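What follows is calculated from the coordinates using simple rules that are stated; it is not laboratory data. Just so it is clear, the model here is predicted, and its values are computed rather than measured. Ideal geometry is used to build each Cβ from the backbone, glycine not excepted, and the neighbour counts take in all protein chains shown.
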Amino acid sequence: MKLKSYFEKLRNIPALIPVFAIFLNKYVLIILVFIIWMFFLDTNSWFIHRELDQEIKELKDNKEYYKKEIVKDQKSIKTLKDSNELEKFAREEYFMKRDNEEIYIIEHEDSIPKKQQNDD
C-alpha cells in the first residue's frame, strides 16, 4: 500500500513533468520492466544472442578459410603425384639428395636472422 500511495502523491504534484507522468502508468512500468529483463537479466538476453551471433560469424569465416585451404592442398597433392614434382619438392623443402650427390647450402647475410648474427 505504501507504493500505491507514493505514486498517488507523485501524480497529484502539479509541477510534475508530463513525460514523467507517462512513466508512472502501470502498463508503461510493466513494459519497461519486461524490456530490462529481456535485455539484461534473462538467460537468453539480447547480449547473449549478440555474442552467439558473433561466434557463428567467426565460425563461418573459419569454415570458408579452411575450405580454401583444402582446395589449395588438393592442388598441391595433385602436383606431387608426379615423381619429378615430388623430387623437386623434397629437394627444396627438406634438402634431400640422391646417393651420388653433394648439396651445398649457401646463406646470404640478409637471410640470416639478426639474433644469430649477434651470437657469432
* Mind sorting 79, 43 by how few other Cβ atoms lie within 10 Å of their own Cβ, fewest first? => 43, 79
* Among the listed pairs 2/26; 75/97; 88/114, give every one whose C-alpha distance is greater than 27 Å. => 88/114
* When the chain is fully extended, how far beyond the present Cα-Cα distance does residue 110 get from residue 54, taking 0.36 nm per residue of separation? -> 15.9 nm
* **chymotrypsin sites (Phe, Trp or Tyr not before Pro) within region 53-109: DSSP coil, no more than 16 neighbouring Cβ in 10 Å** => 95, 104
* **Debye log10 I(q)/I(0) for region 44-97, one point scatterer per Cα, at q = 0.20, 0.22 Å⁻¹** => -0.77, -0.83
* For residue 68, which lysines qualify as cross-link partners when the Cα separation must be under 23 Å and same-chain residues fewer than eight apart are set aside? -> 57, 60, 78, 81
* To do: Arrange 6, 27 by Cβ neighbour counts within 10 Å, fewest through most, would you?
  => 27, 6
